[in-house]
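The values are calculated or read from the model by the stated rules, or taken from the named source; none is laboratory data. Keep in mind the model is a prediction, meaning the values are calculated, not measured. Quick reminder, even Gly has a Cβ in these numbers, built from the backbone with ideal geometry, and neighbours come from all protein chains shown. Remember, those area values only see protein heavy atoms, side chains included, never the ligands or the DNA or RNA. Shrake-Rupley method; radii C 1.70, N 1.55, O 1.52, S 1.80 Å.
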Amino acid sequence: MSAPYQVCEPPTPEEREALKASIMEHGIRVPIEVDEEGNILDGHTRAEIAIELCIPCPTTVKSGLADDEAKRRYARELNCARRQMTPEKKRKIVEDQLRDTPDLSNQWLGEIAGVDKNTVIAARERLETTCEIPTLT
């Protein structure tokens, strides 16, 4: 994941081929979301496939995201809402978000990641124990 806002693992080869087949048949139905500088926030794989197929890639600009942290949070929200993710991938999203913003509430983070707040609590405790995030009072 080299792009600064690619917050999820890339799709498996099978998932990518299925997406490519869909794009070949229907085109890109969901525009790529970029920030004001043109950095992709959501749609990395769709953009790659569009380049591969030499087809237009619609984009929308998402403005008003103050900093890198807000952009990564936004990207995580979009991916968690749309993708079918394994529990392990969701836990990784939770841990990555906690590393960025350890002060987020367990309830809110659980809602955006599609996990129970107890999953967030367990991740928080793991990261606090290993000193990857500060312990909140």
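The listed residues are Ala81, Ala70, Ala75, and the only one of them that is touching a Leu at 6+ places or on another chain (Cβ under 7 Å), under 23 Å from Ala123 (Cβ atoms) and either without any contact (Cβ under 8 Å) to a residue 24 or more places away in the chain or part of a helix (DSSP H, G or I) (or both) turns out to be Ala75.
So if I check each of Arg76, Arg72, Arg99, which one is under 15 Å from Tyr5 (Cα atoms) and in contact with a Phe, Trp or Tyr (Cβ under 8 Å, 6 or more places away or on another chain)?
Arg72
Provide a single number: the residues in region 40-67 that are more than 14 Å from the chain's Cα centre (by Cα) and not in a helix (DSSP H, G or I). Of the residues in region 40-67, 14 are more than 14 Å from the chain's Cα centre (by Cα) and not in a helix (DSSP H, G or I). Taking each residue of region 21-35 that is farther than 16 Å from Ile51 by Cα and assigned to a loop (DSSP other than H, G, I, E, B) and looking for partners that are open to solvent by less than 30 Å² (accessible area, probe 1.4 Å) and charged (D, E, K, R) with beta-carbon atoms closer than 9 Å, six or more apart or interchain, yields Asp35/Lys71. Of all residues in region 49-67, those satisfying the criterion of being more than 19 Å from Glu37 (Cβ to Cβ) and either touching a residue at least 12 places away in the same chain (Cβ under 8 Å) or in contact with a Lys or Arg (Cβ under 9 Å, 6 or more places away or on another chain) (or both) are Ile49, Ala50, Glu52, Leu53, Ile55, Pro56.
Answer with yes or no whether Arg16 is assigned to a helix (DSSP H, G or I), closer than 24 Å to Leu136 by Cα and not aliphatic (A, V, I, L, M). Taking the combined requirement at face value, the residue does not satisfy it. Taking the stated definitions as given, is Arg76 more than 24 Å from Glu14 (Cα to Cα), in contact with an Asp or Glu (Cβ under 9 Å, 6 or more places away or on another chain) and buried (at least 20 other Cβ atoms within 10 Å of the Cβ)? When the stated conditions are applied, Arg76 does not pass them.
Yes/no matrix, rows are residues, columns are (1) surrounded by fewer than 12 Cβ atoms within 10 Å (Cβ to Cβ); (2) at pLDDT below 95; (3) more than 12 Å from Val7 (Cα to Cα):
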site: His44; (1), (2), (3): no, yes, no
site: Glu88; (1), (2), (3): yes, yes, yes
site: Arg91; (1), (2), (3): no, yes, yes
site: Glu111; (1), (2), (3): no, yes, yes
site: Thr119; (1), (2), (3): no, yes, yes
site: Pro134; (1), (2), (3): yes, yes, yes
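I want to confirm something. Restricting to region 1-32 and keeping residues that are of a type in the set (Gly, Ala, Ser) and within 11 Å of His44 (Cα to Cα), which single residue is least open to solvent (accessible area, probe 1.4 Å)? Working first, answer last.
Going residue by residue through region 1-32, those that are of a type in the set (Gly, Ala, Ser) are 2-3, 18, 21-22, 27.
Next cut, within 11 Å of His44 (Cα to Cα) only: 2-3.
Numbers: Ser2: 121, Ala3: 29 Å².
By that ranking, first place goes to Ala3.
Listed here are the residues, each with its yes/no results for (1) without any contact (Cβ under 8 Å) to a residue 40 or more places away in the chain; (2) in contact with a Lys or Arg (Cβ under 9 Å, 6 or more places away or on another chain); (3) outside any helix (DSSP H, G or I); (4) not small (Gly, Ala, Ser).
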site: Glu88; (1), (2), (3), (4): yes, no, no, yes
site: Ile93; (1), (2), (3), (4): no, yes, no, yes
site: Asp103; (1), (2), (3), (4): yes, no, yes, yes
site: Glu111; (1), (2), (3), (4): yes, yes, no, yes
site: Ala122; (1), (2), (3), (4): yes, yes, no, no
site: Glu125; (1), (2), (3), (4): yes, no, no, yes
site: Ile133; (1), (2), (3), (4): yes, yes, yes, yes
